[in-house]
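Just so you know, all these numbers are worked out from the coordinates, no wet-lab data involved. Because the structure is predicted, anything quoted here is derived from the model rather than measured. Because the Cβ atoms are built from the backbone with ideal geometry, glycine has one as well, and the counts that use them run over all protein chains shown.
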Amino acid sequence: MTAFAWDPVQYNRFGDERGRPFDDLLARVTPAGDPHLVVDLGCGPGQLTASLLSRWPASSVIGVDSSAEMIVAAEQVRAGLPDAHARRWHLAQADLRDWAPPRPVDVLISNATLQWVPGHLDLLAGWVACLAPGGWLAVQVPGNHEAPSHAILRELRHSSRWAPLVGPDVAPGLDRRMAVAEPAAYLAALAAAGCTTDVWETTYLHVLPGEDAVLEWVRGTGARPTLAALPEASRAEFEAEYGARLREAYPRREFGTVLPFRRIFVVARRP
Ligand SMILES: C[S@@+](CC[C@H](N)C(=O)[O-])C[C@H]1O[C@@H](n2cnc3c(N)ncnc32)[C@H](O)[C@@H]1O
């Protein structure tokens, strides 16, 4: 479970860009009819989970997330839905590593979440075992661990200036190169679990508006553990230094700031 608070409002600031890979992932999940049970592990603030209710109008959907803030945000999204949708959607606050579905799952999704769960390759076979025959597993993870946004953050937090203030191990998974595996490793793990697999990667070139656009982006996700670990009095100074480095790495152009973002997609089907 992540040990820092998520901010659903900040996370949703780039809702379009964050939603696109979810749609691209699900375009390759093609059950014959509406699945009985769909599970979204690490559902976050819920807008994408809610879209599953329209995609499959006869399905029950369970969203699971370890963050109290994200579950509250998702509850609010659910409260705004028509009854026919809201009653098909259940939410659970739980660590996805411990949570077990109440019955076999027809589509199990985890979008932009497993980068927070070191060692998650070992979970995949267990998830396949939870699928109904013919069930689908769909996972998307960012593959941008070596991008300047992350490399600069790592460099700063391990620097003599900031390391004593950030403290050790605020996000151990993010410091390890292999927090996210390469596409071939997901394919091998799922093929070994008996699935037919469809694995690919894409680099999106997001064009972000506004000043300090990349800093705004990472404030909602990858930089959260570091920012949360810093004493409040030092946060602005850290952000100023990090922001200046980000502006160099991702210069603002007349049409916006380009953030190249590699993502890895994994779709598997149980026989
Ligand atoms: C980047 S957000 C993605 C949210 C949503 N799936 C989306 O695509 O917008 C990652 C989410 O994973 C959740 N998360 C991280 N580790 C988790 C864990 N071990 N168990 C359950 N949820 C987890 C976080 O609370 C957060 O809501």
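Give me Rg over Rh for the range 121-271, both radii from the alpha carbons and Rh done the Kirkwood way, two decimal places.
Details: Rg = 18.5 Å, Rh = 17.3 Å.
Rg/Rh: 1.06.
With angles folded into 0 to 90 degrees, how steeply does helix 148-157 sit against the dominant principal axis of the chain? Use alpha carbons for both and round to 10.
60
Find the Rg to Rh ratio for the range 1-139, where Rh is the Kirkwood radius over alpha-carbon pairs and Rg uses the same atoms. List each step's numbers first, then the result.
Details: Rg = 14.1 Å, Rh = 15.1 Å.
Across the range 1-139, the Cα-based Rg/Rh ratio is 0.93.
Which percentage, to the nearest 5, of the DSSP beta bridges contained in the chain is antiparallel? All intermediate terms of the calculation are to be shown ahead of the outcome.
Values: 22 of 41 bridges.
In the chain, DSSP labels about 55 percent of beta bridges as antiparallel.
With everything on Cα atoms, drop me the angle between helix 68-79 and the longest principal axis of the chain, reported from 0 to 90° to the nearest 10.
Its long axis makes an angle of about 50 degrees.
With only alpha-carbon atoms counted, please give the Rg and Dmax of the chain, in Å.
Just the Cα atoms of the chain yield Rg and Dmax of 18.8, 57 Å.
Show that you can apply the helix-only estimate: for the chain, add -39,500 (n - 2.57) for every DSSP H stretch of four or more residues, divide by all residues, and state [θ] at 222 nm to the nearest 500. Can you show the working numbers first?
Numbers: 13 runs with 107 residues, N = 271.
Only helices count here, giving -10500 deg cm²/dmol.
Arrange SER110, SER54 by Cβ neighbour counts within 10 Å, fewest through most, would you? Let's see the in-between values first.
Values: SER110 25, SER54 9.
Ranked by crowding around the Cβ, least crowded first: SER54, SER110.
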